[in-house]
Structure formats: C-alpha cells, structure tokens
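Notes follow the structure.
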C-alpha cells in the first residue's frame, strides 16, 4: 500500500522535476524513487494487511510480485539514456512519471481484492503504455503502434469490463472472496450461466493483456513499433502483473469451476506456444523475434496457471523473474547495437546488425549470449529453472491433464533454441563491422548485474525461492 | 398502462437505433442515432430505479462525449464515409461473426433463472444519489482515489502526444 | 575443504584466470596455469584413488534446490566408477594440456583455447562426479557447450562454424531424450539421486515398461553424445577443431560420457533386456559402419574420427550384452590409444604444415621417428594385436558377445579385421613409401618439440601396458579392474543374475577365440601390407572412385540422406508454416474472402493502423470459439 501511494506521489514529483533546467537530475531521481518504493514495499514483509474495506490485500506474495515489477522497472529506467540529454523534443520527465504511474497500476493488479481495483489497475497500466508506445512522435511506426494498441486494447477492455459486469450480475459482488464463496459454495439454484460467460470474457480480456494466442495479434506490431526501451518495459512489467492478476483471480474466485477454465487455458497455452515459437523462427528482425518470444513465454507461464498446484505461484514468480531479467538484458543490448548503424534514420534491428558483436564489444556479446541462453532455458541459467519449475507444476497436476501441453512445451522449447541461438551465432561466429561499441558506466553496470543475476539464479535458484 | 409495454418499446427502440448507428452511411446520422441509443438506455435506467445514473448518462455520454464526436466529424469533414472502404463481404463477415456470437451467448444463457424481486426487502432508495455517494466514498474510496492516477496519466499523455513539436510533420 | 571438491574446482579456477585475463597474461604463464591446474587435479584424484577403501561415499556440497518434496543437492559421488573416469579424464587431460602448449604455440587464441579446455575438464569432471542425474546433465550440457566452442575455435572458417552447429544440434536432439528420461525418473521415483533411484528400482521386475522407456530415452541421449547411429554424423565433422581437442573431447573423454552414463545406470539397463538388445545391435551397426567408412577416407583425422565412431560402437555392443566391465575397460584403453593416435596425427599435421590428406604424405618415419614409433604402438593397440592394450579390452568384449549371440560375434570380428586394415593402411600411407607432398613441405618436415613428444611417449607406454590392468584369468592374470569395479554391478547381478551368467567357457574355447581374433587382425594387417607396401597403391583422387568405394567414400551418403529426410522437410515445413501464418492466414484467407484485405487495408492506410480490423476479427473469432467450446454443455443441453 505504501508503495502504491509513494509511487503516485513520486510520479507527480517527477513531473515537477521536469521544470528544472538541468535534466541530469531526472534519471537518478527516478531511480531513487523506485528504490524508495521498493524499500517501502519490503516493510510489510511477513505481514498480512487488507486495506480500505477489502480493496487491496498485501502479503508476501504481493511483495514478491511487486518486487519483481519494481526491479524490472528499475533496470529499464537505468538503461534509458537516449532521452534526457540530447534532444529538446523529448519529455523525459513525463516519460518517467508515466512509467511510475504505470507501476502503480501494475501493483494494483497484483494486490487487488476487488474486481474494480483490478480494472482500474489494468487501465492505468494500459493507458500509460498506449502513451509510451506512441512517445516517439516523429516515427510513423510508433504512432501506428500506439493507435493500434489503443484500439485493440480498448476493445479488450470492453470485453473485460463486460465480463466483470456479468460476474457481478451472477454473484452480486465485486469482492474476490465473495465471488469465490458463491462459486464454490454453490448457491441453491446452481451457478448462474452468467458467471460462466462473464468468466470467459474476463479471461479473454486478461489473455489479451498478457498476449496469449489468439489474442496476441497486437503484440508483434506494437512491440516492433514502440521505442525499444518501452518494448522492454511492456514485455516484462505487463507480463508479470498480468500473470499475477490472472493467477490471483482464477485461484481465489474461480477455484470452484477449475474444470471450465482449465480447458480454456490449456487450449490457449498450446496455441500460444505453437504460434509464438514457430512464428519467431522466421523473423528477420531481432526485435520482432523478441516480440514473438514474449508471446511464447506467455505460453510457458500459462502452464503454471493452468496447473494450479501449490507450487504454481512460486513457479510463476521465478519464471517471471528469470524472463524479465533476461529480456531486459536482451533489449538493452539490442538498443545499443541497433543504433550503431541506422538504416534510413531507423535503428537497424536485423540479425545482421549483430554480426561480429563479440569483437566489437565482448561484454555486450556475452550478456546477450547469457540472456538468450536463459530465455532458451539451458541449464546453469535462471531460465532453465524457470522452465523446470513451470514444467514440474504441470507434472504435479498429472500427465493425463497436462501431458499434451507438456509435450508441446518441451518441443517448442527446442524450437526456441533455434531462434535464440541465431543471435549468439551472429555475434560470435559471423564477421561484421569491427568498429568497437562504447558503453556508459551505468549501462555497463546494469548489464553486468543482469548477467550475474541470470547466472547466479541459475546456480543457486534456492536462494530466491526460499522467499517465494 | 403496464410498465412492461414501455420496456418492450424502449428495448425495441434501443436495438433499432443501435443497429442504425452501424448501418447508416452518413457519420453525422450515425452519431445522432447513437445519441438516441443513449437516451433509450437512460430511460432503461429510470425503469430500473437508477435515476442518478440515468441523468449522468445523458449529461456525460449524450451530452459531452457525443458533442465531441460531432465536432471531430465536422472538423475532418467526413460527410460521407468513403464508399469502397466497406465491401459487402466485410459486412457479411462481420455480420455472420456477430450473429454467431449472439447465438452462442443467447444459447448459453437461455437456461438462466432470474429471481423475482422481493417487494418486502426492496430498498427503493438504492439508485439515489445519497446511497450511491455513501457506497462510493465509503466502500469504494480507494478505487475512487486511484482513478485520479488514471485520469492524470491520460491527461499528461494527451498533452504530451498532442503538443506540436518543431520539426514535426503535420498531417 | 574436501579434496573431492578441489578436483573440479582447480580446472574451474584455471578457466577463470585464463578466461578473464587471456589478453594480458603471457603465453608461458597461460600454459602453466592451464596445464598445472589439471595436473594438480590429477594428483588429487591419484591421492584419493590410492586411499580409496572400496566404500562409495556421497559428499554434499550444498543443498541446491528444493521443489516440493524433491530435494536436489549439489553433491559428488566417489566410487569405483567415478574414480576410474576421473583418472582417465585428469590423466589423459593433463597429457593433452601439456601437448597443447606446444601444438597451439603459434595460435593467437592461445589463452582462450586453454580457458575452454580447462572449462571442459571442469564440466567433464562434474559429469562423472555428480551424484544424481541432474548434476550429470549439467556436466553433459557443459561439455556439449565446450565442444561447440572448441570445434568452432577457428571460427574464421564458416565451415567450421557449421560443423560446430551441427554437433550442437545433434547433441540437443540427444539431450531431449535424456531430459525426458530424467523427468520420467523424477515422476516415477521421486528422486534423481543415483542411490535412491537404484535402491527403488532394485525392487522392480525385469521388463518393467517404465524402466524400458527410461532406459531407451537415456540411450537416445547417449546416442547423441557418443555418436551412435543415427546421431553419429557430427563427430567426423567435429574434427574441424584443433587436434588436441579432437584427442581430448572427441576421442578420449566426452564421447564416452554415454558409456559412463549407461554403466552408471547399469541396474536400470539390466532390468530392461529389450533396451540392452537395442543398445547391442545399434552399437554393432555403428561399429561396422564406422569401420567401413574408415576404409576409404583420405583425411588423417577423418579416418581416426570414424575409427572412434566404430570403437564407441564396440563399447555399446559390450554394454548391450551386459559386459559393463569390459566396456569400461575399453573406454580406458581406447582413451590411451586413441588420444595417442590423435596426438600423433597432430604431430604429423604440425610437421606437414597443416596438411591432412594422407595421399600427400608418405615416408615420414625418417623425419618423425618418435611420432612414428608411438603411432605404430597406437596402431597395434587399436588393431587388437597382443600384448598391447586394445587386444585385452576388445577381446573381452568379443568374448561376452560370443556368449550372447554368435552372429553378433561374427560381425564384430569382421569389424575388427576392417579396423586393423584401415589403421595399417593409414600407418603405411603416412609413414612408409615415398614422400608425395610438395617440396616446401618436405623441406619443412621436422620432429615436434618435447612438450608434444613427451605426452606421445607417455601415452604410448600406457597403450602398450594398459591391457595388463585387466588380464583375464585364462592368460594367468588377476582381472584386477574387473574385481575393482565389481561392487558397482552387485545390485544389478542380484536382480537379474542370468544377464551376467557366463556359461563357463572352457579355457580352450576362450583361447581359441583369442587366437581367432588375433588372426583376423593379422589378416587385416597383411592385406594392408600387400596393397600399400608391396604394390605401393595410393588412393585415387577425389571423384575418381567408383562403385562401392565411391559410396563408402561419401560415407554412405548419410549426410545427404539426413539432408533430404530431415533438413529439407523441416525447411519446407518452415516455409509452409511461414506461409500459413503470414500468407495463408493473413493474406490468402482474407483475400480468399474477396476484397476483404483490400477494403481493410485502404481503411487502415487512412488511419495508419495496419490490420487492426483483422486482428480484432481474429480476437472475436477466438472469443466465440472459446465460448462455444467451454459452454457446449450449456448450449446444447
């Protein structure tokens, strides 16, 4: 709760900082704000609070999820550099403020106890992202992506809201546990069909936000069009928050109809895994590949949700953490590499741009390799354990239920190796430019940190898992 | 006169005007039909004993938002929607899909039982401003406050994106 | 800190020092650190070995991970098997590191090379020391990675990069099998710890279908790593790496990981007779195939590579007839003589200024006397001529095979004749006759420096006497290795004694078999002598082969076959998917509905939104499908 309040205030403070002549103070100030919110968040560790007449619940799960969100936001902000110093057209204060506000939305989605809170949180997050997607105003691609995202997002929001209304119609409450007791307690007349339809609409809305097939169509276009920094932000924070919300909603309120949504989720999972991974193979742009890869990771995360075992939350947490860190590293390297040789004023995001990276800057190449290996799920990296925990939840649920999903997931993770390794191969085995790439100290620090985290979590996953 | 007849009439009017919004070619007519739809819905609210909501719906949607729509349409001078942009096939596809969805939902909901109103316990004040205010500022205080963040983001974003920059291309 | 922990740690330290500072540390120091750490680790292993009391022990380093009631610990297991492999890895590894100092002296990537080599030793040790299937897997993947890095070490050549990728992909196919097996083990036994799994498995009946699947899948993993049919084609291509790498990774250690794993899981395999049969026949087929391809190859390293494939096949054949000890014994002797042969080949290549085609060599025995002598020993050892190492181990495998199946034995003996033939062909073509290379090369011929010849001599010594570690009773030996390893198989012997039962062969039969196989090897030698020394035949040039020879020269066109059967269909499939997703779904389907896309795209161009309408259309279809499917009960009922 404290973190939500403080972040809202810090966002406003950030806007005021924008009046200052010097923009140098913005980046450190924002980092400080996020760090403060992170600390405020930790104060409630091992306490359970319910705020404002059952609107928000904080517990260790909330703190874990929000810590991951704040950590990824911190990392994303730390690698933001192109705006803030160079151009007069950019509005760094606003960007940072909107990022902070969007985190408020994300935290609401993690801790909601009432569907209204979930809806508002989702909207804050989405609206912020529509703006951030279009923030590169002079790029037609960015404009297009923002409008596209907005249109489709509004549509999904409409569906989602309709679903909430139907659920309210069936149960007479927005409160999660009240809905839960309606669903599992079983009213005398039986569960109203309204609830089923409402649940499915809510699911469709949420699946849109986490970009699961067949609601993923916006993802590649929007991720591709948005400024890369915000793509990194979107693909990590939204996913973590979305899955936290999805899991919470489904387990607290709708455990009683597990048979219904389990079917939906397994079907969607298989489709998502297939579409995400197979389409990623044929991309020629690394950024687009990462967009499809984010679709595919939504598929893996869905496995843990669909399995719904006591281990699921920790599996989702670990996977989100591993995925977020690796994705941010990947995008960070992409930002640097792509802007080296712009094509017609646009960053060169093709695979070819990575040729010979190992010679140009070994650190970049190594971080990239580690992050790709982690995303591919190869042992000794965090990504492997993420996949391992997720798969083991499915195994716990039983092969008759999850066998098919598991087979597809394992096969698709092999496909994943192919496209992730293309980047590594380009940077290590191919020759390209030899002009070295320089990095600023903070950037270097972040890359070293994320790489170390990826390997560290791969070696000692239990260090973090004890907290989950 | 039985209230039921009013309800049937209103519902019929709502559906017809909603369909007309989609069907008519002239965007201004379309907006006018939309306003009619909103009025019908407001009338439904009244029937449901939600007077405040009915008023707000008229003021905000039929009033403010629709005027904005009209402004935009007039600014852009979209008198007639470009004809070739929607072929019959598009319409057919959309209509079939919408029809299928409708059939599915109706079929799914047909077994639904609606409990009749219990006149003894019914609180006639439920839709009034007072009870609404109590709920909003007591139970839903937190979402009410946090929604400001949403508006704030929307506002900042709109200003930021809408502001014309030097060197930016004009449409 | 325990000595056990120190063993893998030392090479890791070497890797870290060389890996981080390879640009700054002088070459001599790099070599010293690289080789020194491995030698030190060998010393530790030796110390442990000498003090080993026969009691296996598991030493936990730390609790690695806890999932539910599964507790994975990072722990090492010290027993007879891991000791044997540790000795081979660090022992042969030390020699090869030493050799590399001389061999790689002029390479600019000297530091990087040693860093990778140390890393490899680390992972390989992890592989054999781990006390559960997961640690084994980490080592397994790690050595795969190192092999990938080292095959592509000279990455300026694009072919080498391709070879590296081929190795990696083929290994990944195998790894998938291994991983599935581990998952199966986990679900069935609730643990991946060797001791736990085997204790529980010991209570099961032979022919249990779960065990069958586990062992088959594990064997798929072994196929990839140990280059068995059908996943063997990467190994010959892997010769793109520097020669010490070929010697260490692709002959002596990594490729035997599959054998280690099966010997480690001997209890499971004993319980799955069907798998054993599969393993045996695949091993035999691989042995025959490798040997026959080796007959007509002209690249010195390729010949040795196919010979490795063939010898690995032998080991699997041994495993297939539950001859675990002989297989492990053959791993050991093979490590000696194959490392020796590769290093000798490296020495030849070194002297010939990177020439690898044996048609351009000849008469080198005068210029390279030490190399020649050691190579000769290696050749005799691999051909199976007593009293050198290969004879003892190979003969023991054949003996067990004879027990099991006479047809298998027949083919095995035939293969051993082929082996003897192609090895002597290689020897004669390289070291005898007249020099066939260029003048420049002849002028440049020289014996290698001491750092290179010293390991050669050491390995030659081991190849010569290695067989005496396990002399069978019939020859008056004590079968020391067999006794040493015996406790490992006690449990397996308990559950299914008949798999191990040797119908007591009379000593005379045993002797007759030995004499037979020696005779066969001699026939191979004689044939090679007649063709290549008496008649002075030189293999014909590229493209002039004909008939069967041509087929064999082109490795039975297996690469082409794989290309046609797997690679191209996958490509076709990818194109297909590409078109389905991008073209069929978005373009064709929509275009098929008429001017849908045209109409939409015009609209979208106005609004600059791409194909949002279509996306939403798809979403609504998705929602409709979702509703219809999940609520079918409500809708229909």
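The values are calculated or read from the model by the stated rules, or taken from the named source; none is laboratory data. Note that this is a predicted model, so its numbers are computed, not measured. Virtual Cβ from ideal backbone geometry, glycine too; neighbours counted across all protein chains shown.
In the stretch A:1-19, how many are under 15 Å from residue A:63 (Cβ atoms) and part of a loop (DSSP other than H, G, I, E, B)?
Taking the stretch A:1-19 and keeping what is under 15 Å from residue A:63 (Cβ atoms), we get A:1-4, A:6-7.
Those still in the list that are part of a loop (DSSP other than H, G, I, E, B) too: A:1.
Residues in the stretch A:1-19 being under 15 Å from residue A:63 (Cβ atoms) and part of a loop (DSSP other than H, G, I, E, B): 1 in total.
Which is under 30 Å from residue C:443 (Cα atoms), out of contact with any strand residue (DSSP E or B) (no Cβ under 9 Å at 6 or more places or on another chain), surrounded by fewer than 24 Cβ atoms within 10 Å (Cβ to Cβ) and in the same structural domain as residue C:496 (by TED's automatic domain parsing), of C:345, C:339, C:367?
Working: C:345 fails: surrounded by fewer than 24 Cβ atoms within 10 Å (Cβ to Cβ); C:339 fails: surrounded by fewer than 24 Cβ atoms within 10 Å (Cβ to Cβ).
From the options C:345, C:339, C:367, the qualifying one is C:367.
Among the numbered criteria (1) crowded, with 22+ Cβ neighbours inside 10 Å; (2) within 14 Å of chain A (Cβ to nearest Cβ); (3) outside any helix (DSSP H, G or I), which single criterion is violated by residue C:76?
Going through the list (1) crowded, with 22+ Cβ neighbours inside 10 Å; (2) within 14 Å of chain A (Cβ to nearest Cβ); (3) outside any helix (DSSP H, G or I), residue C:76 breaks only (2).
Can you find even one residue in the stretch A:81-88 that is at the interface with chain B (Cβ under 10 Å from one of its Cβ atoms) and in a loop (DSSP other than H, G, I, E, B)?
If we filter the stretch A:81-88 for residues that are at the interface with chain B (Cβ under 10 Å from one of its Cβ atoms), which is where we start, we get A:87-88.
Applying the additional criterion that residues be in a loop (DSSP other than H, G, I, E, B) yields A:87-88.
Scanning the stretch A:81-88 turns up at least one residue that is at the interface with chain B (Cβ under 10 Å from one of its Cβ atoms) and in a loop (DSSP other than H, G, I, E, B).
Sort through A:231, A:219 and tell me the only one that's within 14 Å of chain C (Cβ to nearest Cβ), in contact with a helix residue (DSSP H, G or I) (Cβ under 6 Å, 6 or more places away or on another chain) and not in a loop (DSSP other than H, G, I, E, B).
Result of the check over A:231, A:219: A:219.
What are the residues in the stretch A:451-468 that are within 17 Å of residue A:60 (Cα to Cα), more than 8 Å from chain C (Cβ to nearest Cβ) and crowded, with 17+ Cβ neighbours inside 10 Å, if any?
Within the stretch A:451-468, A:464, A:468 meet the criteria.
Is it the case that some residue within the stretch A:431-440 is assigned to a helix (DSSP H, G or I) and either buried (at least 19 other Cβ atoms within 10 Å of the Cβ) or more than 10 Å from chain C (Cβ to nearest Cβ) (or both)?
Step one: filter the stretch A:431-440 for residues assigned to a helix (DSSP H, G or I), giving none.
Within the stretch A:431-440, none of the residues are assigned to a helix (DSSP H, G or I) and either buried (at least 19 other Cβ atoms within 10 Å of the Cβ) or more than 10 Å from chain C (Cβ to nearest Cβ) (or both).
Taking the stretch A:198-216 as the search range and keeping residues that are modelled with pLDDT of 90 or more and assigned to a loop (DSSP other than H, G, I, E, B), which one is nearest to the other protein chains (Cβ to nearest Cβ)?
A:212
Does residue A:368 meet the test of being buried (at least 24 other Cβ atoms within 10 Å of the Cβ) and closer than 23 Å to residue A:227 by Cα? So that I can check it myself, show each step before the final result.
Values: buried (at least 24 other Cβ atoms within 10 Å of the Cβ): yes; closer than 23 Å to residue A:227 by Cα: yes.
So residue A:368 fits the description; yes.
Check the stretch C:287-301 and report whether any residue there is modelled with pLDDT under 85, closer than 30 Å to residue C:185 by Cα and part of a loop (DSSP other than H, G, I, E, B).
no
Within the stretch C:232-241, is there a residue that is over 28 Å from residue C:356 (Cβ atoms), modelled with pLDDT under 85 and within 14 Å of chain A (Cβ to nearest Cβ)? Walk me through how you get there before you give the answer.
Step one: of the stretch C:232-241, the residues over 28 Å from residue C:356 (Cβ atoms) are none.
Taking every residue of the stretch C:232-241 in turn, none turns out to be over 28 Å from residue C:356 (Cβ atoms), modelled with pLDDT under 85 and within 14 Å of chain A (Cβ to nearest Cβ).
Results for (1) part of a helix (DSSP H, G or I); (2) in contact with a strand residue (DSSP E or B) (Cβ under 7 Å, 6 or more places away or on another chain); (3) more than 20 Å from residue C:141 (Cα to Cα), shown as yes or no for each residue.
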residue: C:210; (1), (2), (3): yes, no, yes
residue: C:213; (1), (2), (3): yes, no, yes
residue: C:228; (1), (2), (3): no, no, no
residue: C:235; (1), (2), (3): yes, no, no
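State yes or no: is residue A:406 at the interface with chain C (Cβ under 10 Å from one of its Cβ atoms), closer than 30 Å to residue A:271 by Cβ and at pLDDT 85 or above?
The answer is yes for residue A:406.
Could you say whether any residue in the stretch C:225-247 is under 23 Å from residue C:407 (Cβ atoms), in contact (Cβ under 8 Å) with a residue 12 or more places away in the chain and buried (at least 24 other Cβ atoms within 10 Å of the Cβ)?
Yes, that holds for at least one residue.
Can you name the number of the only condition in (1) under 21 Å from residue C:161 (Cβ atoms); (2) part of a helix (DSSP H, G or I); (3) within 8 Å of the chain's Cα centre (by Cα) that residue C:251 fails?
(1)
With C:276, C:304 as the choices, which residue is within 25 Å of residue C:392 (Cβ to Cβ), out of contact with any strand residue (DSSP E or B) (no Cβ under 7 Å at 6 or more places or on another chain) and crowded, with 24+ Cβ neighbours inside 10 Å?
Values: C:276 fails: crowded, with 24+ Cβ neighbours inside 10 Å.
Going through C:276, C:304 in turn, the sole match is C:304.
Could you tell me which of the residues C:477, C:467 is assigned by TED's automatic domain parsing to the domain that holds residue C:358, within 28 Å of residue C:365 (Cα to Cα) and at pLDDT below 80? Write out each step before concluding.
On the way: C:477 fails: within 28 Å of residue C:365 (Cα to Cα).
Step by step, each of C:477, C:467 is checked, and only C:467 is assigned by TED's automatic domain parsing to the domain that holds residue C:358, within 28 Å of residue C:365 (Cα to Cα) and at pLDDT below 80.
Could you tell me how many of the residues in the stretch B:104-143 are away from chain A (no Cβ under 13 Å) and either assigned to a helix (DSSP H, G or I) or surrounded by fewer than 12 Cβ atoms within 10 Å (Cβ to Cβ) (or both)? Quick ask: steps written out before the conclusion?
Residues of the stretch B:104-143 away from chain A (no Cβ under 13 Å): B:117-125, B:127-133.
Still in the list and also either assigned to a helix (DSSP H, G or I) or surrounded by fewer than 12 Cβ atoms within 10 Å (Cβ to Cβ) (or both): B:117-125, B:129-133.
Of the residues in that region, 14 qualify.
Of B:58, B:100, which residue is at pLDDT 85 or above and surrounded by fewer than 17 Cβ atoms within 10 Å (Cβ to Cβ)?
B:100
Among the residues of the stretch C:401-448, which ones are surrounded by 22 or more Cβ atoms within 10 Å (Cβ to Cβ) and either part of a loop (DSSP other than H, G, I, E, B) or in contact with a strand residue (DSSP E or B) (Cβ under 8 Å, 6 or more places away or on another chain) (or both)?
C:448
Could you check the stretch A:422-442 and list, in sequence order, the residues that are under 17 Å from residue A:287 (Cβ atoms) and modelled with pLDDT under 85?
Just the residues of the stretch A:422-442 that are under 17 Å from residue A:287 (Cβ atoms), to begin with: A:422-424, A:426-427.
The answer is A:422, and nothing else.
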